[in-house]
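The values are calculated or read from the model by the stated rules, or taken from the named source; none is laboratory data. These numbers were taken from a predicted model, which means no experiment stands behind them. Using ideal geometry, Cβ is built from the backbone for each residue, glycine included, and neighbour counts are taken over all protein chains shown. All accessible areas refer to the heavy atoms of the entire protein, side chains included, with ligands and DNA or RNA removed. Shrake-Rupley method; radii C 1.70, N 1.55, O 1.52, S 1.80 Å.
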Amino acid sequence: MARSEELFDAIVDGKAALAQSLVGDLLAAGAAPMVIISDTLIPAMDEVGQLFQDEEYFVPELMMAGRAMKAAMEPLRPLMVASGAKPAGVVVAGTVKGDLHDIGKNLVLSMLEGSGFKVIDLGTDVPPAKFVEAIRLNQPDILCLSALLTVTMLAMKATIDAVVAAGLRDGIKIMVGGAPVHEKFAKEIGADGFGVTATDAVAVARSLVAA
Ligand code: B12
């Protein structure tokens, strides 16, 4: 499917209701959820990021585009879950403390769910202690951490340190990602896996469970 220009513009212009109804139209016309995401929604958010960087957009426009992206994802999420195969593992996930960005994290989690993982989403701005508590409670195979701000990358390390201090590190694999995160950093903070995209997240999660 080529990019839907209407949907692209609806996201960039922050029109949540329109974006959601256009997604409904595309689904009704037979478009695959993942194709809508990869061909239109992600490029639209990239465009929003560029406009922000070029100082054509400011925080209110970012917020509106973020809301439109969330609204567009709503009808897609259950479909991605439904297309999943048998359970592949349990994942506890969240955006780390101080960071409110969740669009990429939600995309990663939708892809993981769609690939058969059971996902426990702790949301955004999650303090290390809350991750530790969720690991104790749910005994997941994987802890998945997302960060979009350079400053909150440090909270990834604090989270991993807290998991180690709680004596839970041996029983779990840790995967990190988000735009500013890179492989060298992931290794330095003691993560087991790192990915750039939501598609990577699935491949990395599968390999961590298999290891
Ligand atoms: C939308 C947005 C917002 C929205 C967030 C809405 C929401 N509910 O998420 C709002 C308006 C709230 C916001 C606020 C801020 N933002 Co902002 N935001 C963005 C923007 C435009 C898009 C982010 C996004 O959703 N991208 C689309 C998704 C699909 O991509 P993604 O998040 O990168 O996720 C993908 C990968 O990274 C990966 N991934 C993500 N997590 C994980 C985890 C794992 C394990 C793996 C494997 C992969 C993975 O998979 C995803 C899909 O492929 C970016 C610019 C950009 N182009 O990235 C700036 C950006 C991230 N924001 C930025 C800034 C500075 C801020 C603010 C500080 C602005 C301000 N002055 O107030 C605040 C901070 C608030 C806070 N405490 O978190 C900067 C960060 C700079 C930096 N390096 O630190 C950016 C880069 C903009 C810029 N160019 O300056 N923002």
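Observations
- Residue in the range 48-60 that is hydrophobic (A, V, I, L, M, F, W, C), closer than 18 Å to LYS105 by Cα, crowded, with 21+ Cβ neighbours inside 10 Å and in contact (Cβ under 8 Å) with a residue 40 or more places away in the chain present: no
- Tally of residues being hydroxyl-bearing (Ser, Thr, Tyr) and open to solvent by less than 20 Å² (accessible area, probe 1.4 Å) across the range 98-129: 1
- Residue within the range 48-57 that is under 21 Å from the mean Cα position of the chain (by Cα) and at pLDDT 90 or above present: no
- Count of the range 188-204 residues, restricted to those that are part of a strand (DSSP E or B) and either away from the ligand (no atom under 13 Å from the Cβ) or touching a Gly at 6+ places or on another chain (Cβ under 8 Å) (or both), is 2.
- Restricting the range 130-187 to residues that are surrounded by 21 or more Cβ atoms within 10 Å (Cβ to Cβ) and among the polar types (S, T, N, Q) leaves a set whose member that is nearest to the ligand (Cβ to nearest atom) is SER146.
Each row is one residue, and each column tells you yes or no for (1) within 22 Å of VAL35 (Cα to Cα); (2) hydroxyl-bearing (Ser, Thr, Tyr); (3) assigned to a helix (DSSP H, G or I).
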{"site": "VAL91", "(1), (2), (3)": "no, no, no"}
{"site": "LEU107", "(1), (2), (3)": "yes, no, yes"}
{"site": "PHE131", "(1), (2), (3)": "no, no, yes"}
{"site": "ILE135", "(1), (2), (3)": "no, no, yes"}
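- Hits in the range 61-84 - residues which are more than 10 Å from the ligand (Cβ to nearest atom), within 15 Å of the chain's Cα centre (by Cα) and open to solvent by 40 Å² or more (accessible area, probe 1.4 Å): GLU74, ARG77, VAL81
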